[in-house]
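Since the structure comes first, as structure tokens, the remarks are kept for the end.
The values are calculated or read from the model by the stated rules, or taken from the named source; none is laboratory data. Fair warning: this is a prediction, and the values are worked out from it, not measured in the lab. Here the Cβ positions follow ideal geometry from the backbone for every residue, glycine too, while neighbour counts run over all protein chains shown. SASA here: full protein model, heavy atoms, side chains in, ligands and nucleic acids out. Shrake-Rupley method; radii C 1.70, N 1.55, O 1.52, S 1.80 Å.
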Amino acid sequence: PMAATIHSFCQTLLRDIEGDPAQATLADDHVKADLIRKALEQNNEKATRALAGKMGALIERAKQNILGPSDDLSALCLKSGVSAQRLAAVYRAYQAGLASENLMDFDDLIFAVVARLESDSEFQKAVMSSFPYVFVDEYQDLNQAQYRLIRAMTTETSNLCVIGDPDQAIYGFRGADSAYFNRFTDDYSTATVIRLTRNYRSAENILEASGQMIDKGTSGSGFTRSK
């Protein structure tokens with residue numbers, strides 16, 4: 001079986017199934033920062049470190065929501081001080097810069113695979129055939145792009161197993177949303193649900209302390225210690 005992060009899995013799909021190794025060449029953080037600064041300058045923006053960082057973060061969030069430069073970016077720009085039009089212009093120039101160097105950034109890996117899966121039935125069939133069994137760990141930490149990836153390569157009758165705990169969701173800052181975990185049985189209505197309510201690892205004082213924090217949340221796993 002293949003075991004990988006979601007990003008590494010998508011890079012493998014682009015390299016092995018798509019058959020274009022150049023397409024999956026990744027830009028490192030330094031190259032990304034340089035291309036964003038150039039994209040700002042091309043749009044007559046001052047390429048300050050602060051603005052470049054803000055634009056870079058907004059572009060990352062757009063890609064995590066499978067939004068391209070031509071899509072409506074206004075929801076992402078709320079409270080950012082950046083208009084959707086400015087973001088779109090810089091985003092477009094940044095993508096052109098990546099393309100000119102035959103590069104992809106980290107978020108492009110999932111974006112490209114999701115776009116292909118959702119638009120190309122033959123590619124989708126090839127992926128499903130190559131990976132008839134899918135296991136996803138930490139399902140509560142999926143963002144929209146990752147969620148759409150899993151949905152695009154499975155059906156309600158697929159051999160899919162996921163595990164997660166919404167009380168352990170920690171990646172909201174990168175767009176993760178435990179709502180995708182909570183809607184799993186709606187997406188896959190025939191799935192069997194097994195609830196793990198006993199903790200065999202932590203001492204009683206750890207459970208009591210963590211329980212006080214979890215009770216302030218929304219889901220409340222209610223772990224008990226094994227005897």
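The number of residues in region 90-131 being of a type in the set (Lys, Arg) and touching a Phe, Trp or Tyr at 6+ places or on another chain (Cβ under 7 Å) comes to 1.
Name the single residue, out of those in region 136-189 being part of a helix (DSSP H, G or I) and aliphatic (A, V, I, L, M), that is nearest to the chain's Cα centre (by Cα). Before the answer, list the steps.
Step one: filter region 136-189 for residues part of a helix (DSSP H, G or I), giving 139-141, 144-152, 166-168, 172-174, 179-182, 184-187.
Cutting the leftovers down to aliphatic (A, V, I, L, M) gives us 145, 149-150, 152, 179.
Numbers: ALA145: 5, LEU149: 9, ILE150: 10, ALA152: 14, ALA179: 14 Å.
Of everything passing the filter in region 136-189, ALA145 is nearest to the chain's Cα centre (by Cα).
There is at least one residue in region 96-114 that is in contact with a Ser or Thr (Cβ under 7 Å, 6 or more places away or on another chain) and over 22 Å from ARG148 (Cβ atoms).
Among ALA27, ALA22, which is the only one that is open to solvent by 30 Å² or more (accessible area, probe 1.4 Å) and at pLDDT below 95? Selected residue: ALA22, the only one of ALA27, ALA22 that is open to solvent by 30 Å² or more (accessible area, probe 1.4 Å) and at pLDDT below 95.
Restricting attention to region 87-102, the residues that are modelled with pLDDT under 95 and among the polar types (S, T, N, Q) add up to 2.
Within region 199-218, does at least one residue satisfy the condition of being touching a residue at least 40 places away in the same chain (Cβ under 8 Å) and either in a helix (DSSP H, G or I) or under 30 Å from VAL31 (Cα atoms) (or both)?
Scanning region 199-218 turns up at least one residue that is touching a residue at least 40 places away in the same chain (Cβ under 8 Å) and either in a helix (DSSP H, G or I) or under 30 Å from VAL31 (Cα atoms) (or both).
Going residue by residue through region 120-130, is there one that turns out to be under 16 Å from the mean Cα position of the chain (by Cα) and either part of a helix (DSSP H, G or I) or more than 16 Å from GLY68 (Cβ to Cβ) (or both)? No, the conditions are met nowhere in region 120-130.
Quick grid of which residues meet (1) open to solvent by 50 Å² or more (accessible area, probe 1.4 Å); (2) touching a residue at least 60 places away in the same chain (Cβ under 8 Å):
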position	(1), (2)
ARG116	yes, yes
PHE135	yes, no
GLU138	yes, no
ILE150	no, no
GLU156	yes, no
CYS161	yes, no
ASP165	no, no
GLY175	no, yes
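Looking at ALA99, is it in a helix (DSSP H, G or I), of a type in the set (A, V, I, L, M) and closer than 24 Å to GLY53 by Cα? Talk me through it step by step, then tell me what you get.
Details: in a helix (DSSP H, G or I): yes; of a type in the set (A, V, I, L, M): yes; closer than 24 Å to GLY53 by Cα: yes.
Yes.
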